[in-house]
Amino acid sequence: MKKQILIVGSGFSGMWAAISAARLAELEKSHELSITVLAPVPELRVRPRFYEENVSTLVAPLGDLFAELGINFIAGSAERIDSTENTVWYRDAEGATKQAAFDRLVLATGSQMRRPAVAGLAEYAFDIDQFGSAEVFEKHLDSLVARPSTAARNTVVVCGGGFTGIELATELPARLRARFGEDTQTKVIVVERGAVMGGRYSEALRNTIAEASSELGVEWRLNSEVEAIDAEGVTLKNGERIAASTVVWTAGVEAHPLSQQIDGERDNQGRLKVTESLSVPANPHIYATGDMAHAKTDDRGNTALMTCQHAIQLGKFAGHNAAASLLNVEPYPYRQVNYVTCLDLGAWGAVYTEGWDQAVKSVRDEAKKIKIAITHELIYPPAADKSVAFAAADPLAKFV
């Protein structure tokens, strides 16, 4: 009977976990493992690009790749995990409830937008957190063209000035001009509770964000929080009213709620704290990876962020170590010492930094080329070729 590795999720971390596990089985010339990915559809949804236009194109099919590598696929959505019986209950495409057994489980279900109790958020705000909601937002922007030109129609409020909020806000002026024409006066406003733009970033990076925002005409409301959202706009807690037909929520993410079904310590984003092999201490046959894992990247106190940069490498280590534990091979301790930031800033360009201190290395067009190389090539799945895919899935190979 083959040992079962079940990977829940086909995002960056889940996809690479599956490839990495298959790679180790091939290296060990083992036919003892069966590797299965459970996800709604066999595709990678390129979430880091959901602030862009043409969201429907931002998916990469995985069927041929999985077939080439002997990775099984189950179409379904995981609903319940029994860590004692080693079973995942899922709902298939027809709505039936089924179960899948495992010897090792890799939890790679990612993260979702945090939805605080803000009046009107659920009813009136858009988001670009998931593929479907990003499509809804894009269709809404298209629908605005048919409306009369008013200050409210021509204004977009972005709630949250983090990475996603900045990339969306700086991209929006061009997206609005493409719909309304160059002569229409548009307005993009970022509502940020912090006292400065990009508060968690280095001073050099913050200054670059401020320069780009100024040049693009993106306004910021700092030290501000949303009181309520309605069909006509936003009311801030300081009493300011912003008339807007479009409000987008980008303020914060948290681990997928499946993490709550696993015994273990969590951080304030709901991520499971894991060992250096990425297993969950209370359930060593379960591995958390990607946005589900609170993992140390180095010996200097840095922790993996909820980024595809970290998810990709976390997936490679998790898949390798899950397979290693069944093949009596020594695991690799997860390490990801190098860290870069590449922030798209719309028509202004982009900014590229290196290191956890975020030293700015390039800006504008030069940085934009790096951003495009990363988001259009580097993070996409490998070719459906065993040698290419396995070389890329080596956890110890250079990534960034």
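The values are calculated or read from the model by the stated rules, or taken from the named source; none is laboratory data. Quick caveat: nothing in here was measured; it's all calculated off a predicted structure. Because the Cβ atoms are built from the backbone with ideal geometry, glycine has one as well, and the counts that use them run over all protein chains shown. Side chains are part of the model used for accessible areas, which takes the heavy atoms of the whole protein and leaves out ligands, DNA and RNA. Shrake-Rupley method; radii C 1.70, N 1.55, O 1.52, S 1.80 Å.
Couple of notes before you dig in:
- Zero-based 10 Å bins, Cα pair distances in segment 1-128, whole percents: 11, 36, 32, 15, 4, 1
- Rounded tilt (10° steps) of 308-327 against the dominant C-alpha axis of the chain: 10 degrees
- Remark: accessible surface ordering of THR297, THR184 (largest first) is THR184, THR297, probe radius 1.4 Å.
- Tilt relative to the chain, helix 12-27 - C-alpha long axis, 0 to 90 degrees, to 10: 20 degrees
- Ordering ASP357, ASP385, ASP183 by accessible surface, largest first, gives ASP183, ASP357, ASP385; the 1.4 Å probe counts only protein heavy atoms, with every chain in place.
- Nearest-10 value in Å² for the accessible area of ILE242, using the 1.4 Å probe: 10 Å²
- The residues ARG200, ARG175, sorted by heavy-atom accessible surface at 1.4 Å with ligands and nucleic acids left out, run ARG200, ARG175 from largest to smallest.
- Computed from Cα positions, the angle between helix 364-373 and the longest principal axis of the chain comes to roughly 30 degrees.
- Heavy-atom accessible area for LYS368, with the other protein chains in place and a 1.4 Å probe, reaches approximately 50 Å².
- Of the GluC sites (Glu not before Pro) found in segment 82-181, those that fall in a DSSP loop while having at most 15 other beta-carbon atoms within 10 Å are GLU85, GLU94.
- Remark: the SER387-GLU232 segment gains 50.3 nm on full extension, using 0.36 nm per residue and subtracting the alpha carbon distance.
- Across all directions, the average flat footprint of the convex hull enclosing the Cα atoms of the chain is 19.9 nm².
- Length gained when the stretch ALA93-GLU32 is fully extended (0.36 nm per residue, less Cα-Cα span): 19.1 nm
- Look at the alpha carbon pairs under 8 Å that are at least 6 residues apart: their mean separation over the length of segment 63-138 gives a relative contact order of 14 percent.
- Using C-alpha pairs below 8 Å separated by at least 6 residues, the relative contact order for the chain is 20 percent.
- Working from Cα pairs under 8 Å separated by at least six residues, relative contact order for segment 261-331 is 25 percent.
- Straight Cα distances below 25 angstrom link LYS139 to the lysines LYS187, with same-chain residues fewer than 8 positions distant left out.
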